[in-house]
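The values are calculated or read from the model by the stated rules, or taken from the named source; none is laboratory data. All values derive from a computational prediction rather than experimental measurement. When we count neighbours, we look across all protein chains shown, and the Cβ atoms used for this are built from the backbone with ideal geometry, even at glycine. Calculation scope for accessible area: heavy atoms of the full protein, side chains included, ligands and nucleic acids excluded. Shrake-Rupley method; radii C 1.70, N 1.55, O 1.52, S 1.80 Å.
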Amino acid sequence: MALLATQDLTIRFGGHVAVNGVTCSFEPGTLTAIVGPNGAGKTTYFNLISGQLKASAGTVTLDGRDLSGMSASQRTRAGLGRAFQLTNLFPRLSVLENIRLAVQAAREGEHRRGLNLWSVWSDHKALTERADEVLAAVALKDKEHELVANLPHGDQRKLEVALLMALEPSVFMFDEPTAGMNHAEAPVILNLIRKLKDDKSKTILLVEHKMDVVRELADRIIVLHNGSLVADGEPAEVIASPIVQEAYLGIAAKEPA
């Protein structure tokens, strides 16, 4: 049964239809890669799901609940976790403080009680223990007291995944998670996503243009082209389809590495 679904999801910017009536559902225990050429509407579709953009038409539902009227922060509390191409962190706080804030936000959502966001962390042993667990999972425990602004790009991306893990969403959304990372850094992020796949109660959406990453991680591929959904299926089948060969792979092959 679908955990997340979009129905006729559409957005127009003036006379341009950036996402055109996309109906799609996503089940727990699956990683769906969303691919397409530049300008296909992939990130815009993500922004509509996560609430960064307001749809012109259509709906987004999570576990049967209509999220369409909710803000991005409300959708996060409902269970949508979104990672961005550019990191979305608190640069003037330490690594540990960033994770504690996310853990606390998750606990507030669970218990609906008003913990003070800036309260003394030592008063909340359970929050600190959970933050330590998450940092250990992403191999950042040894950098917990460093300011985020001083971290190399690869560690900032790892921290962003850690923030998502701390929020404990039911849906993880990654928009080109290895963008800007070198060959040594990228495997760390991909390994974290592999670990998330082990939890079959979670749904993972991945916007990615690197087809080697898509082939390895995806259980399913959907293809957007000119804002419309043009292909949907198992990776081997979709990658081999003529519309993908023409609309996506052919274009990608001409792009610089």
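For residues that are of a type in the set (F, W, Y) and touching a Gly at 6+ places or on another chain (Cβ under 6 Å), tally how many sit in region 1-48.
Here the count works out to 0.
Please list, ordered by first then second residue, the pairs with beta carbon atoms under 9 Å, 6 or more apart or interchain, first in region 44-65 and at negative phi, second assigned to a helix (DSSP H, G or I) and open to solvent by 40 Å² or more (accessible area, probe 1.4 Å).
That search, which allows pairs on different chains as well, returns S50/T76.
Just need a number here: residues in region 2-30 that are open to solvent by 40 Å² or more (accessible area, probe 1.4 Å) and at positive phi.
Of the residues in that region, 2 qualify.
Suppose we filter A83, A33, A40, A72 for residues that are open to solvent by less than 40 Å² (accessible area, probe 1.4 Å) and without any contact (Cβ under 8 Å) to a residue 24 or more places away in the chain; which single one remains?
Going through A83, A33, A40, A72 in turn, the sole match is A72.
Can you work out which of the residues in region 118-148 that are open to solvent by 60 Å² or more (accessible area, probe 1.4 Å) and either hydrophobic (A, V, I, L, M, F, W, C) or within 12 Å of R82 (Cα to Cα) (or both) is modelled with the lowest pLDDT?
So, considering only residues that are open to solvent by 60 Å² or more (accessible area, probe 1.4 Å) and either hydrophobic (A, V, I, L, M, F, W, C) or within 12 Å of R82 (Cα to Cα) (or both), the one modelled with the lowest pLDDT is V120.
Suppose the filter is touching a Phe, Trp or Tyr at 6+ places or on another chain (Cβ under 6 Å) and either polar (S, T, N, Q) or at pLDDT below 95 (or both); does P91 pass it?
No.
Identify all residues within region 187-218 that are in a helix (DSSP H, G or I) and either of a type in the set (K, R) or touching a Ser or Thr at 6+ places or on another chain (Cβ under 6 Å) (or both); write none if there are none.
The answer is I189, R194, K195, K197, R215.
I need every pair where a residue in region 142-170 that is within 29 Å of Q74 (Cβ to Cβ) has its Cβ under 8 Å from the Cβ of a residue that is open to solvent by less than 60 Å² (accessible area, probe 1.4 Å) and of a type in the set (D, E), sequence separation at least 6 or different chains.
Once the first residue is within 29 Å of Q74 (Cβ to Cβ) and sits in region 142-170, its partners that are open to solvent by less than 60 Å² (accessible area, probe 1.4 Å) and of a type in the set (D, E) give R157/E185.
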